[in-house]
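Peer 1: First, the structure itself, so that you have it in front of you.
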Amino acid sequence: MSEVLSLPELRDDDKFPLLKRILLTALGIPLMLVSKRGRGFELSHHRLRLSNLRSPLRLIQLSDLHFNIYLAKENVKAWFDTACQQNADLIVITGDFYDYLDWSNDDFLLNQLKRLKAPLGVWAVWGNHDYDKSAAYRQLFKTKLEQIGIRVLVNEGVNLRDDLFLAGLDDVREGKPDLEKTLAHYDGERVCLLLSHVPDVLPLVPNYVDLMLCGHTHGGQIVLPLLGITQTSSYYGKAFAVGWIEQPVKAFVSRGLGFSTLPIRLNCPGEIALMTLEPEVL
């Protein structure tokens, strides 16, 4: 596939769209005033057995940093403090380093990202908001990331161990995702781990992919009492909104860390996912 993947039209699963808009508008300003500015987040723990894995793997997933002037720097630092304390073998970042709300100076974010270290490396993919900036700036930022040891995978894959293949798909919304190219060098013998910012590509992913890690939805970001998740920005509504997805392939959708549109999270704290991947017991 050399062209942008074909996805269905945006589906609206919302039974109360007008009511939610009214509530969000009414609550927006006061919630912004009392917001903890990205302070609340959780370290979630997950354990998964994979048949082609020969030795355990400790993995950290960060997603949707949405770095902007509304994030308190001490809270962003806390994210990286937590990530660095986990002694992960592999760290992945599933897109949206920045947000369209506004951008701060790169230096602070890069200095925090530079702290991330893992034996198998720190790898990332672009998200849709990373395309809000110009192609020239994105290339410059990619170069800066490489200089601090973070490699962005754009429709490509790498063998990290003799039992692990890692692939990264370009953003489904704004990039030029090419699944065939992304998985072209997979040999079928290793665990196949696929990174994609947007989970909407799931129905198109071949079933030999062992695990797909995504973000983008923020778990809804604003979850209202009784009404639940307000918005996922997914073509599939709430089907791939958050957490573990079993079909069509096993996937995990992170709530991410930052916020977009409104600088708040409600009943939906940010998330750093720590995954312990183990060989399947025969």
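The values are calculated or read from the model by the stated rules, or taken from the named source; none is laboratory data. Given the structure is predicted, the values throughout are model-derived calculations rather than measurements. We place every Cβ from the backbone using ideal geometry, glycine too, and count neighbours over all the protein chains shown.
Peer 1: What are the residues in the stretch 245-260 that are in contact (Cβ under 8 Å) with a residue 24 or more places away in the chain and either surrounded by fewer than 23 Cβ atoms within 10 Å (Cβ to Cβ) or hydroxyl-bearing (Ser, Thr, Tyr) (or both), if any?
Peer 2: Of everything in the stretch 245-260, those that are in contact (Cβ under 8 Å) with a residue 24 or more places away in the chain and either surrounded by fewer than 23 Cβ atoms within 10 Å (Cβ to Cβ) or hydroxyl-bearing (Ser, Thr, Tyr) (or both) turn out to be ILE245, PRO248, VAL249, LYS250, ALA251, PHE252, SER254, SER260.
Peer 1: Scan the stretch 242-282 residue by residue and report those that are within 13 Å of MET212 (Cβ to Cβ) and among the acidic types (Asp, Glu).
Peer 2: The answer is GLU246, and nothing else.
Peer 1: Residues of the stretch 48-69 being over 20 Å from the mean Cα position of the chain (by Cα) and assigned to a loop (DSSP other than H, G, I, E, B), which ones? Write out each step before concluding.
Peer 2: So in the stretch 48-69, the residues over 20 Å from the mean Cα position of the chain (by Cα) come out as 49-56, 69.
Once the filter is applied, which keeps residues that are over 20 Å from the mean Cα position of the chain (by Cα) and assigned to a loop (DSSP other than H, G, I, E, B), the stretch 48-69 yields SER51, ASN52, LEU53, ARG54, SER55, PRO56, ILE69.
Peer 1: Right, another one. Cβ-Cβ under 6 Å, sequence separation 6+ or interchain: first residue in the stretch 39-62 and under 23 Å from GLY219 (Cα atoms), partner surrounded by 16 or more Cβ atoms within 10 Å (Cβ to Cβ) and hydroxyl-bearing (Ser, Thr, Tyr). Which pairs?
Peer 2: LEU43/THR82; GLN61/SER254
Each row is one residue, and each column tells you yes or no for (1) touching a strand residue (DSSP E or B) at 6+ places or on another chain (Cβ under 7 Å); (2) aliphatic (A, V, I, L, M).
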| residue | (1), (2) |
| --- | --- |
| LEU116 | yes, yes |
| HIS129 | yes, no |
| ALA136 | no, yes |
| LYS144 | no, no |
| TYR208 | yes, no |
| THR217 | yes, no |
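Peer 1: Let me ask something else. Condition check: hydroxyl-bearing (Ser, Thr, Tyr) and under 20 Å from HIS45 (Cα atoms). Does SER233 satisfy that? Lay out the reasoning, then the answer.
Peer 2: Values: hydroxyl-bearing (Ser, Thr, Tyr): yes; under 20 Å from HIS45 (Cα atoms): no.
For SER233, the condition - hydroxyl-bearing (Ser, Thr, Tyr) and under 20 Å from HIS45 (Cα atoms) - is not met.
Peer 1: If you check ALA241 against the conditions, is it closer than 23 Å to TYR131 by Cβ, in a loop (DSSP other than H, G, I, E, B) and either aliphatic (A, V, I, L, M) or in contact (Cβ under 8 Å) with a residue 40 or more places away in the chain (or both)?
Peer 2: Yes: the conditions hold for ALA241.
Peer 1: Looking at LEU62, LEU71, can you tell me which residue is buried (at least 24 other Cβ atoms within 10 Å of the Cβ) and at pLDDT 95 or above?
Peer 2: LEU62
Peer 1: Follow-up. Restricting attention to the stretch 21-47, report how many residues are part of a strand (DSSP E or B) and either at pLDDT below 90 or among the hydroxyl-bearing types (Ser, Thr, Tyr) (or both).
Peer 2: Total satisfying the criteria: 1.
Peer 1: Also: Being touching a helix residue (DSSP H, G or I) at 6+ places or on another chain (Cβ under 7 Å) and under 29 Å from ASN52 (Cβ atoms) narrows it down to one of VAL242, VAL209, so name that one.
Peer 2: Numbers: VAL209 fails: touching a helix residue (DSSP H, G or I) at 6+ places or on another chain (Cβ under 7 Å).
Answer to the selection: VAL242.
Peer 1: With the condition kept exactly as written, say whether any residue in the stretch 81-96 is free of Cβ contacts under 8 Å to residues at least 40 places away in the same chain, assigned to a helix (DSSP H, G or I) and surrounded by fewer than 17 Cβ atoms within 10 Å (Cβ to Cβ). Reasoning before the result, please.
Peer 2: Of the residues in the stretch 81-96, the ones free of Cβ contacts under 8 Å to residues at least 40 places away in the same chain are 81, 84-85, 87, 89, 91.
Among the residues that remain, those that are also assigned to a helix (DSSP H, G or I) are: 81, 84.
Cutting the leftovers down to surrounded by fewer than 17 Cβ atoms within 10 Å (Cβ to Cβ) gives us 81, 84.
Looking for residues that are free of Cβ contacts under 8 Å to residues at least 40 places away in the same chain, assigned to a helix (DSSP H, G or I) and surrounded by fewer than 17 Cβ atoms within 10 Å (Cβ to Cβ), one finds at least one in the stretch 81-96, hence yes.
Peer 1: If we only count strands (runs of 3 or more DSSP E) wholly inside the stretch 100-202, which ones have 2 or more residues that are surrounded by fewer than 16 Cβ atoms within 10 Å (Cβ to Cβ) and at pLDDT 95 or above?
Peer 2: Result: 156-161.
Peer 1: Here is a further query. Going residue by residue through the stretch 254-266, is there one that turns out to be in contact with a Cys (Cβ under 8 Å, 6 or more places away or on another chain) and hydrophobic (A, V, I, L, M, F, W, C)?
Peer 2: The answer is no; no qualifying residue exists.
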